[in-house]
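The values are calculated or read from the model by the stated rules, or taken from the named source; none is laboratory data. Since this is a predicted model, take the numbers as computed values, not measurements. We place every Cβ from the backbone using ideal geometry, glycine too, and count neighbours over all the protein chains shown. Ligands, DNA and RNA are stripped out before the accessible areas are found, and what is left, the full protein with its side chains, is counted by its heavy atoms. Shrake-Rupley method; radii C 1.70, N 1.55, O 1.52, S 1.80 Å.
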Amino acid sequence: MKIVVDKDIPFLADAVHQGWPNVDVLPMESSEIDACAVQDADVLVVRTRTRVDEALLSDSNVQMVCTATIGYDHIDTAWCEKHGIRWMSCPGCNAQAVCDYIEEALAETQDSHRLPPNAHRTIGIVGVGHVGSLVAKMAERNGYAVLLNDPPKGIGVTIDEIAEKCDIITFHTPLTVNGENPTYHLCNEAFLVKCRSHALIINAARGGIADEQALLHSGHPYILDTWENEPHINTEVLQHSFLASMHIAGYSVQGKRNATQMCLDAIAGHFGLPVLDISQYPYSSVHPSRKQNSSKHWLAAITAQLKASPTAFEALRKAYPLRGE
């Protein structure tokens, strides 16, 4: 049995080597994971940087695809299901990390004094899943009035009410193009026109939920962690952002650990292998060069770094010091 895994997914290779001695594991750069690399693999474990579809898998032996991420729009799930390939994602794995990112963004926004003083009263949360639920509790704890919107769950107010009543609006939905409640460009020109003039828009969910051109021309301050066409982001949109980062909102040690454990549990269950426990592995053993950045206003520092080197988006993302250990 052979597992091909993105080398930036921590703990997995060490755990497999020690706990499943008869399983071969091949860590690879995401850019190296192609049809040739996965041809004789049984399992593929990826992040959002790998597009998993017919072009990648049609000539392979892959039986199972795991993505160590909450989102899975990089997987052609319909094609996988049609061809008997099991796939799984890791919902909730980094929810607390994203919530912490939003809390930091709000704190830095307040400290900056760049928004009108009548802002920061009501926060609208679009998408009330693992992340949105935590953000709602955090916001209430910090004294915000909270409005929720999640039509698939039948929760909260309409999206128009979010636009009309909120000083801050943060999106925490999956990216969907079809269906009854598509989220692609949910934050669009029509939505932004209805928003309060000073409303701050935050997208730390998936690139494409916000129409970046509409944001750019709306006059609204905005904070982006996820972008359309990553890692080749729009530099004009970046330069006009209030705060910005390189898709690292969910980057915490615990979030990474949760995702890896969920992938290993799924593989063990599918192939009848012993359950592995990665709690014994310190993150420093995987990335000893990454040190926690606990400086004040760390998001502003990231913003300055990214604005100075927008073409280094992917390199900065890989070098980011994970929070939490």
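Points to keep in mind about this one:
- Search result, residues across the stretch 37-60 that are touching a residue at least 40 places away in the same chain (Cβ under 8 Å), under 19 Å from E230 (Cβ atoms) and among the hydrophobic types (A, V, I, L, M, F, W, C): V46
Per-residue answers, yes or no, for (1) of a type outside the set (K, R); (2) more than 19 Å from the chain's Cα centre (by Cα); (3) farther than 16 Å from A204 by Cα; (4) in a loop (DSSP other than H, G, I, E, B):
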residue: I125; (1), (2), (3), (4): yes, no, no, no
residue: A136; (1), (2), (3), (4): yes, no, no, no
residue: A139; (1), (2), (3), (4): yes, yes, no, no
residue: L147; (1), (2), (3), (4): yes, yes, yes, no
residue: E164; (1), (2), (3), (4): yes, yes, yes, no
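- Verdict on H217 being of a type outside the set (G, A, S) and part of a loop (DSSP other than H, G, I, E, B): no
- Among residues of the stretch 25-36 that are without any contact (Cβ under 8 Å) to a residue 40 or more places away in the chain, those with a Cβ under 7 angstrom from a residue that is assigned to a loop (DSSP other than H, G, I, E, B) and of a type in the set (K, R), sequence gap 6+ or separate chain, pair up as P27/K7; M28/K7; E29/K7; S30/R47; S30/R49.
- Condition check for H270: more than 20 Å from A312 (Cβ to Cβ), touching a residue at least 24 places away in the same chain (Cβ under 8 Å), open to solvent by 50 Å² or more (accessible area, probe 1.4 Å) and not hydroxyl-bearing (S, T, Y): yes
- For the stretch 1-102, the helices (runs of 4 or more DSSP H) that sit wholly inside it and include 3 or more residues that are open to solvent by 50 Å² or more (accessible area, probe 1.4 Å) and modelled with pLDDT of 95 or more are 77-82.
- Residue within the stretch 154-168 that is in contact with an Asp or Glu (Cβ under 8 Å, 6 or more places away or on another chain) and either under 22 Å from V193 (Cα atoms) or crowded, with 21+ Cβ neighbours inside 10 Å (or both) present: yes
- Only listed residue being in contact (Cβ under 8 Å) with a residue 60 or more places away in the chain, of a type in the set (G, A, S) and over 22 Å from P174 (Cβ atoms), chosen from G19, G71: G19
- Considering only residues in the stretch 169-189 that are polar (S, T, N, Q) and either farther than 20 Å from V131 by Cα or assigned to a helix (DSSP H, G or I) (or both), the one that is most open to solvent (accessible area, probe 1.4 Å) turns out to be N178.
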